[in-house]
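Everything on this sheet refers to the single structure shown next.
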Amino acid sequence: MLERCASHMLSKKPPLLQSFLSLVSRRVSHLAQQQYDVIVVGGGHAGTEAAAAAARVGAETLLVTQKINTVGALSCNPSLGGVGKGHLVKEVDALDGLCGRAGDWAGIHFSILNRSKGPAVWGPRAQLDRQRYREFIQSELLSTPGLTVLEGSVEELLVTEPNPEEPGRHRVTGIRLANGSHPISASSVVLTTGTFLSGSLFMGQTTSPGGRIGDAPSSAGLSHTLRERLGLRIGRLRTGTPPRIVKDSVDLSLADLHPPDSHPTPFSFLNTRTRCKPEEQLPCYLTRTNAGVERVVRESLHLNHHIQEDIKGPRYCPSIESRVLRFPGRRHQVWLEPEGVTSDLLYPQGLSMTMPPDIQLRLIREIPAMHRAEIHTPGYGVQYDFVCPTQLSPALQVKSTQGLFLAGQINGTTGYEEAAAQGLWAGVNAARWARAMPPVALSRTESYIGVLIDDLVSRGVTEPYRMFTSRAEFRTYLRPDNADLRLTLKGFEEVGCVSSLRYQEAVRVRDSLQDALAALQALAQSSSKWRKKLPDIRMSENKCTILSGVELLQHNVSFEMLASAFPECLSPYIEFSQRLNIEAVYNLHCDKQKKEMERIQKEENMSLPQDIDYFSLPVSLSQEVREILDRVRPSTLGSAARLQGITPAAVVNLLGYVVHTGQRERIRHRNQPDQKEEKEEEHSARNASLPQ
C-alpha cells in the first residue's frame, strides 16, 4: 500500500496557476448568497492548513485571501523543517496536513540535521522550489471537497451577542469584505493574518503599510474589531527578510560546498521517495561575515529606522544588524540557498537586513564570495500586531468570543512550521464548533503541536516563538519517526481529520512494528550463542547473560544484521529496519517516562471552570497568584501549573479545590434523578394521554 500511495502522490501533476485562478473566479459571483460553516482568513501556511483541515472534518469552508496567486507561497526562506520544526512537519503530515507532502514534491535539497546526536532530535529539512511548492498547495486546495477560495480583503468581523449556554462575551457570525459586498455568514472564523495585521514595511528610513512587499496592506477594520470591539490585548512584533541575490553574480568557488544527503528522507509517512531524484538535488553553500560587514552595519545605524525601534524581533533568526550589535567581532554564518530548480536567485540565510538598498549592496559585497554580487530584491523589515495568545483556549479559540479561532503569526509565533501546526488544529476545532462537536486538544505528552499550543496559551510570548526540541519534556518519545503512531490513529478515531487510506496505512505500520518487536523479544539467547551466530558483533566474552533481540539492538547491532541471521522470522519486517533500530534504543527510556506522562495527563484532564472567580475562591492563594489566574484563565490544572509565577503550593491548593468540587458534584448528581429519565417519563406520560 505504501508504494502505491507514494507513486500516486508523486506522479500527479498540479494544475497550472491559470486553472486555479479561473476556478476561483467562477465561484466569486454566487458567494453573497451562501453561508459557510467555517471561514478562514489568510492563504499562508496557517490558512491553507486550517481550510483543508476544516474541510476534511466535514465543514463547508471558505478561504478568503487578498491575492489568489500567493496562496501557498513561501514568503521568506525557501525551506521547510529543521530541528524541532521538522518534528512539527511530520506531525502535521500524520494528521493528514499538506506541508509534508508539499515538501516532498517541491524539495530540491534534503538533509537530516543533528544526525550526530540521537534520532529523537534529528531535524528533517529540505530546500524547496518556490514555484513547485505553491503549485502543490493550490492543487490540494482545488481537489479538497467542500472548500471554496475567494480573493478579497476582510474589512471586519461580524459579532453579536453570545450563546448563553456557552462561555464568552461575544459570538462571531461571519465577515464583511472591504469592497462593500454583502456579509458572508459562518458559524466560526479562523484568522491567519500573518504579518498583515496592521503591518508596516521598513527599508532604511522609509516606512509603508503592508505585510509583505508587493502586496496590499490589510484592512484597518480587522485590527479595530479585535482591539476595540472584542477588547483583546494586542502586542507588536517585528521580523525581516534578506535581499535576494542574482546567482550568476556570486563566486561560489569562494564558498564551502554543502551537498544534500545521498538518500533523501521524505517528510510524509505516505511517501517512500521524493519527487527530486538523489542525483538531481542542488547543493547549498556556506560563507561567513567579516569585519567589513560589521563596519557597514555600524556606519549605517542612523539610517536604519527598523533596528532602532524598541519592538521584539526573532531571537533565533535575527537580522545581521542585531547579530553585529549583540555579538561584536564574530564571523556569522551565511548560507547561500537555491530558490528553485530553474531559479536564477540565491537566498542568503543569515543576512536579514533593513538598511537602505544601496547600503545592503555595500554590505554583501564585503563578503568575498559576493564581492560582485547583484541584488534582485532588497531585504526589508516588517512590524505587525499580534494577539496575546493567553487569551486563547487549547483549541485555539478566543476565550471571550464564541466561534473565533486564531492561528499563526497572529498568535506571536514565527516560522512556516509553527504556523502550519496551529492552522491545522484551529481548522479542526473551528469545524467541530460549527458542527456542534466538542473541542479537541493535544497534550504536550503526545506531540510537539501540543507543546507549541500549551506554551502559547499558558505562558504567552514576549518575542516571536520558535519551536525547539528542548521545549518538550518527553522528546525521547516525541520523535519524528513515530509521529504517525502517536497521532494518525487519534486523528481518524477521535478528531476526524484523517483519511481512511492514511489510517489503514498507519494501522498496518503499527501492527507490523508490534509483531516485529515481539519476534525480536522471542529471540532470547545467551551471549555465547549470539557471538557464534553473529561473530562480527562486539560483546564481552565474560558475560553469560540471556539477551533478547531487542536488547541486542540497544548494543549497536542493526536490525539488518539480525534479519540476515534469522530471515525466517525477521525478513518480513525489513522495510521497518530503521524504525525498529530507533524503537529499541528508546524503548527502555520511554517506559521510565510513562509515570511522569500519566501524571501530566491526569492534571490536564482536571478542568478549571472558565467563569471561576479567583479573587473570591475559598482557597489559600496569594494575591499575585489570583491575579495571574484571573488574567490567563487556564483551562486545566496542568496549564495553571506551568504559568510563570504559580507556586507549587498554589497548585496543590488548586488541586484540592478541583478534587473537592468534583466529589461534591458527583454526590449532587447521585442524589438527583437523572434529567434525561425525567424527560423520558414526562414524554411518555404526555403520549399516554393522546389518542392513539
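The values are calculated or read from the model by the stated rules, or taken from the named source; none is laboratory data. Note that this is a predicted model, so its numbers are computed, not measured. Neighbour counts run over all protein chains shown; Cβ positions are idealised from the backbone, glycine included. We work out accessible area using only protein heavy atoms, side chains counted, and drop any ligands, DNA or RNA first. Shrake-Rupley method; radii C 1.70, N 1.55, O 1.52, S 1.80 Å.
Values for this structure:
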read-out	value
Under 12 Å from the Cα of residue 67 - aspartates and glutamates, other chains or at least 8 residues apart	151, 215
Rough spin-label spacing in nm, given labels placed 7 Å along Cα→Cβ, for residue 494 and residue 587	2.5
Carbon and sulfur %, accessible surface of segment 543-589 computed with the full protein complex present, 1.4 Å	58
Added length on full extension, which subtracts the Cα-Cα distance from 0.36 nm per residue, residue 262 to residue 142	39.8 nm
Karplus-derived HN-Hα couplings along segment 499-508 (A = 6.51, B = -1.76, C = 1.60, θ = phi - 60°), whole Hz, x at Gly and Pro	6, 5, 4, 5, 4, 4, 5, 5, 5, 4
Gain upon complete extension [residue 163, residue 358; 0.36 nm per residue less C-alpha separation]	64.5 nm
Model label zone, residue 564; criterion: amide N under 14 Å from point 7 Å along Cα-to-beta-carbon; scope segment 511-542	533-538
Apportionment of accessible area to carbon and sulfur, segment 419-460, percent (1.4 Å)	56
For residue 236, distant residues with modelled amide H under 5 Å away	386
Extreme residue, positive dipole direction of the chain, given options 653, 357, 189 (C-beta unit charges)	357
Derived scalar couplings ³J(HN,Hα) [segment 295-300; Karplus, 6.51 cos²θ - 1.76 cosθ + 1.60; whole Hz; x for Gly, Pro]	5, 5, 4, 5, 6, 10
Residues with amide H under 5 Å from that of residue 267, placed H, sequence gap 5 or more	104
Residue among 605, 588, 539 farthest towards the positive dipole end of segment 537-622, charges placed on Cβ	539
Cα-projected label distance for residue 659 with residue 521, points at 7 Å along beta-carbon direction, nm	3.3
Dipole magnitude of the chain about its Cα centre (Cβ charges: Lys, Arg +1; Asp, Glu -1), debye to nearest 20	1040
Highest-first arrangement of 171-180, 394-403, where packing means the average Cβ count within 10 Å	394-403, 171-180
Inter-site label distance for residue 511 and residue 341 at 7 Å from Cα along Cβ, in nm	3.8
Three-way shape label, segment 197-297, alpha-carbon gyration tensor, a/c 1.5	oblate
Cα centroid of segment 55-70 to Cα centroid of segment 214-288, whole Å	22
Distance between segment 569-610 and segment 138-190 - C-alpha centres, whole angstrom	39
Backbone HN-Hα couplings from phi across segment 37-45 [Karplus 6.51/-1.76/1.60, Hz, Gly and Pro as x]	6, 9, 10, 10, 9, x, x, x, 5
For the chain, convex hull volume per residue from C-alpha positions, Å³	224
Directionally averaged shadow of segment 250-389, computed from the convex hull of its alpha-carbon atoms, nm²	11.3
Nearest-20 debye value, segment 92-222 charge dipole, Cβ charges on Lys, Arg, Asp, Glu	580
Sorted peptide list for 291-297, 70-76, 610-616, criterion being average Cβ within 10 angstrom, highest first	70-76, 291-297, 610-616
Highest average packing first - 505-512, 116-123, Cβ atoms within 10 Å	116-123, 505-512
Farthest toward positive dipole pole in segment 82-216 [+1 Lys/Arg, -1 Asp/Glu at C-beta], among 159, 133, 112	112
Per-pair calculated FRET efficiency, R0 = 60 Å: residue 555 and residue 215 via Cβ, rounded to 0.05	0.60
Whole-Å distance, taken between Cα centres, linking segment 342-371 and segment 430-462	39
